[in-house]
Amino acid sequence: MSITQYNGSAIVAMTGKNCVVIGCDKRLGQQALTVDMNFEKVFRVKDKLYVGLPGLATDVQTLHDRIRYRVNMYDLEEERAIQPDNLAHMISNMLYQKRFGPYFCEPIIAGLTEKDEPYIMGMDLIGCLSSAPDFIVGGTASDNLYGMCEALWEPDLGPDDLFRSASQALLNAVDRDAMSGWGAVVHVITPEKTETYHLQGRQD
Amino acid sequence: MSYNFSLTTFLKKGELGQIGNALAAVRKGHTSVGIRGKNTVVIATKISDESALVDNDSLEHVAIICDNIGMVYSGLSPDFRVLVAKARKIAQEYKLDMGEYPPATILVKKIASVCQEFTQMGGVRPFGVSILIAGFDDGKPSLYQVDPSGLYFRWKATAIGKHYEKTKEFLERRQDALIPKYPSRVVKTIIHTEETTEADDIGTIISALKECSDGEVTENSLSIGVLNFSPPNQNFNTSTVPVPSFKRLSKSEIREHLALLA
């Protein structure tokens with residue numbers, strides 16, 4: 001077993017027409033033993049910018065703390081909102097600095113740019129960026145998520161339809177993965193507002 | 001027993017003597033001028049012609065820091081070289097971290113804090129230069145001045161170095177009543193610097209240096225840098241939107257601007 005699969009996780013980000021969604025499961029485990037059913041892995045960076053951190057839970061927390069530190073410093077120094085591409089570069093560098101003793105985490109960034117264009121970006125645990133026009137998935141359920149997203153994603157979905165596709169992809173992917181699940185959280189990011197939905201999933 | 005190695009210490013009257021001396025070095029340096037336009041910033045300097053034997057081409061007066069930032073100085077040229085090297089490093093490190101070059105404000109703050117450190121650190125003296133930095137903030141042009149003390153300002157137009165007061169007065173007069181060269185415009189309209197074109201600003205700068213600095217103004221004695229948006233798909237720019245670019249004017253380009261004024 002890889003250390004990235006020790007706690008279990010599932011994260012998906014999808015682009016729509018002037019909107020993005022990012023969601024995660026809520027399980028925290030120690031291999032097959034479930035420890036917590038309310039462990040969220042997607043974090044708000046700004047109102048229209050979220051980061052998902054699938055992987056080893058200790059590194060998820062440390063990375064979240066370090067990202068928050070860097071973004072708070074950015075806010076103070078630059079007096080402007082950090083843009084998704086800048087955040088992606090920042091996190092990518094943060095990971096590569098630990099190239100030979102990495103954080104076991106593969107971050108996913110989702111947000112809207114200054115011009116309210118959807119932006120999603122994924123990276124591996126040493127910060128190699130990978131972009132996609134449609135969706136990015138991560139975590140122990142990533143294979144299942146690929147399958148679900150391939151089937152459900154369509155171009156130019158509105159916020160409601162996009163929410164439905166991402167939620168269905170997430171819930172059905174974690175049902176076939178023993179390491180993730182136990183409900184989900186989905187953030188729907190639109191130019192006007194960001195809405196957060198807590199989804200009830202199978203509790204077994 | 002502890003020692004104080006700082007060379008910049010307070011005088012009884014509450015001033016830092018070394019800063020005053022550094023500013024005196026700046027005032028002895030050749031005149032530099034900067035103007036912020038609507039979508040451009042023009043910075044320039046009048047190279048002193050101490051000897052006709054000097055090959056002015058070997059001197060870098062207007063320095064390119066990164067794609068979207070340039071700077072010019074008045075004062076000691078070796079000190080400027082050090083600051084240019086530091087500024088370039090700051091810009092590249094920022095790009096490595098954030099994936100884009102810094103906005104002018106950020107670079108200015110960092111350069112200013114380098115200047116400040118050199119007023120407090122042990123064993124060093126302050127930089128003998130004031131610099132003008134041309135850059136963009138939030139897509140809008142800005143012109144900054146950084147002094148040896150680490151003090152920085154943002155200007156619409158300013159001058160530093162020899163005869164800076166006279167040159168600034170000239171710019172103030174121009175700011176209020178710059179008459180456009182184009183006949184289509186109403187001559188009576190008062191044009192503020194924000195609304196002038198790049199060519200207007202270059203013209204104003206050359207006139208200011210002609211009027212206020214010592215010696216003859218030719219393409220050999222002028223160094224001019226222009227910050228603007230280069231149109232997409234030009235100069236190896238593969239982007240579909242205009243991107244900021246800082247360029248030094250060639251001798252032939254300066255000659256053309258001089259001819260316009262003659």
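The values are calculated or read from the model by the stated rules, or taken from the named source; none is laboratory data. Keep in mind that what you see is a predicted model, and the values were worked out from it rather than measured. Cβ placement follows ideal geometry from the backbone for every residue including glycine, while neighbour counts extend to all protein chains displayed. Surface accessibility is based on the protein's heavy atoms, side chains included, excluding ligands, DNA and RNA. Shrake-Rupley method; radii C 1.70, N 1.55, O 1.52, S 1.80 Å.
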If a residue counts only when it is in contact with a Ser or Thr (Cβ under 7 Å, 6 or more places away or on another chain) and of a type in the set (Gly, Ala, Ser), which strands (runs of 3 or more DSSP E) contained entirely in the range B:1-91 have at least 1 such residues? B:32-36, B:41-46, B:69-75
Output for the range A:69-85, where each listed residue is in a helix (DSSP H, G or I) and touching a Phe, Trp or Tyr at 6+ places or on another chain (Cβ under 8 Å): A:84, A:85
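If I filter the range B:173-183 for residues that are modelled with pLDDT of 95 or more, surrounded by 13 or more Cβ atoms within 10 Å (Cβ to Cβ) and away from chain A (no Cβ under 14 Å), do I get at least one hit?
no
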Restricting the range A:32-74 to residues that are under 15 Å from residue A:9 (Cα atoms) and open to solvent by 70 Å² or more (accessible area, probe 1.4 Å), which is nearest to the chain's Cα centre (by Cα)? A:61
Checked the range B:99-112 for anything open to solvent by 10 Å² or more (accessible area, probe 1.4 Å) and more than 11 Å from chain A (Cβ to nearest Cβ); matches are B:101
Could you tell me whether any residue of the range A:91-113 is more than 19 Å from residue A:14 (Cα to Cα), among the aliphatic types (A, V, I, L, M), over 15 Å from the mean Cα position of the chain (by Cα) and assigned to a loop (DSSP other than H, G, I, E, B)? no
What residue, among those in the range A:124-139 that are assigned to a strand (DSSP E or B) and either of a type in the set (D, E, K, R) or in contact (Cβ under 8 Å) with a residue 12 or more places away in the chain (or both), is nearest to the other protein chains (Cβ to nearest Cβ)? A:129
Restricting attention to the range A:75-85, does a residue exist that is open to solvent by less than 70 Å² (accessible area, probe 1.4 Å), touching a residue at least 40 places away in the same chain (Cβ under 8 Å) and within 14 Å of chain B (Cβ to nearest Cβ)? no
Selection status of residue A:121, more than 16 Å from the chain's Cα centre (by Cα), surrounded by 14 or more Cβ atoms within 10 Å (Cβ to Cβ) and within 14 Å of chain B (Cβ to nearest Cβ): no
